[in-house]
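S.K.: The structure follows.
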Amino acid sequence: MATGTLGDDLAAGARELGLALDDRQLASLLALLVDLTDWNTRFNLTAIRDPNEMLRKHLLDSLAVLPFLGGRTVADVGTGAGFPGLPLAIADPARQYTLIEATGKKARFVSHAVERLGLTNVAVVHARAEGWRPPAPFDRVLARALGSLADFVRVAGHLCAPPGRLLAMKGRQPAAEVAALPRGWRLLASHELRVPGLEAERHLLELGRA
């Protein structure tokens, strides 16, 4: 897979998101894309096959939430093949990321990528998030495509520090899901995300304890 055009598109997309990534970070993101494409032919890690689509729907979509993160520790619940956690960890080395995944082949790929890319700010947990108890709660708990907001609270609420935030990556603004939030949780903010190359609506919802 030639990465020249992909590299140009990645650099342009990062600039459009307001991110100042250096050459090493851009190279690591491209290496992640190459590895994902390779492993996907053998282990079916993601339904997206085209590298250009992976660039938009995995890398840039993940990076779009970076300006809205806070705190020092972030858990990525149901990370799958490492999204959004791996791109965020590459672009944001000052924070500590814990990527949680229950499916063995996906957790193995994430561990492979962490080792290959030398990501010292990433821990990988092969477990179901609802049954895992971390040594300390996280400042931010992030999830993409993890069902409803109520499901997110049920699965990952215990991972979040009392003053922390659950961050749910969504498509359209899910008004019905917000209205159905479990007692004790509320919507604190909703951010519209502009992902370069994607026309679909994207939102990041911040949930906190009421």
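S.K.: Of all residues in the stretch 155-177, which are assigned to a helix (DSSP H, G or I) and surrounded by 14 or more Cβ atoms within 10 Å (Cβ to Cβ)?
M.R.: Matches in the stretch 155-177: 155, 156, 157, 158, 159, 177.
S.K.: Any residue that is under 17 Å from residue 141 (Cβ atoms), in a strand (DSSP E or B) and modelled with pLDDT of 95 or more - is there at least one of those in the stretch 62-74?
M.R.: Yes, the stretch 62-74 contains at least one residue that is under 17 Å from residue 141 (Cβ atoms), in a strand (DSSP E or B) and modelled with pLDDT of 95 or more.
S.K.: Still on this structure, I have one more. State which residue is nearest to residue 85 (Cα to Cα) when the search covers only the stretch 19-73 and only residues that are of a type in the set (D, E, K, R) and touching a residue at least 40 places away in the same chain (Cβ under 8 Å).
M.R.: Once the filter is applied, the top-ranked residue is 61.
S.K.: Which one of the conditions (1) touching a residue at least 40 places away in the same chain (Cβ under 8 Å); (2) under 14 Å from the mean Cα position of the chain (by Cα); (3) closer than 18 Å to residue 204 by Cα; (4) surrounded by 16 or more Cβ atoms within 10 Å (Cβ to Cβ) does residue 145 fail to meet, given that it meets all the rest?
M.R.: So residue 145 meets the others, but not (4).
S.K.: Could you tell me whether the stretch 179-201 includes any residue that is surrounded by 15 or more Cβ atoms within 10 Å (Cβ to Cβ) and touching a Ser or Thr at 6+ places or on another chain (Cβ under 9 Å)?
M.R.: No, the stretch 179-201 contains no residue that is surrounded by 15 or more Cβ atoms within 10 Å (Cβ to Cβ) and touching a Ser or Thr at 6+ places or on another chain (Cβ under 9 Å).
S.K.: For residue 53, state whether it is buried (at least 18 other Cβ atoms within 10 Å of the Cβ) and out of contact with any Leu (no Cβ under 9 Å at 6 or more places or on another chain).
M.R.: Taking the combined requirement at face value, the residue does not satisfy it.
S.K.: Also: Between 41, 37, 5, 79, which is out of contact with any Lys or Arg (no Cβ under 6 Å at 6 or more places or on another chain), outside any helix (DSSP H, G or I) and either farther than 30 Å from residue 157 by Cα or of a type in the set (Val, Ile, Thr) (or both)?
M.R.: Being out of contact with any Lys or Arg (no Cβ under 6 Å at 6 or more places or on another chain), outside any helix (DSSP H, G or I) and either farther than 30 Å from residue 157 by Cα or of a type in the set (Val, Ile, Thr) (or both) holds for just one of 41, 37, 5, 79, which is 79.
S.K.: Consider residue 113 against the criteria (1) buried (at least 22 other Cβ atoms within 10 Å of the Cβ); (2) among the small types (Gly, Ala, Ser); (3) within 11 Å of the chain's Cα centre (by Cα): it satisfies all of them except one. Which criterion is unmet?
M.R.: Evaluating residue 113 over (1) buried (at least 22 other Cβ atoms within 10 Å of the Cβ); (2) among the small types (Gly, Ala, Ser); (3) within 11 Å of the chain's Cα centre (by Cα) leaves (3) as the failure.
The values are calculated or read from the model by the stated rules, or taken from the named source; none is laboratory data. All of these numbers come straight from a predicted model, not from anything done at the bench. Cβ sites come from the backbone with ideal geometry, for glycine too, and all protein chains shown count toward neighbours.
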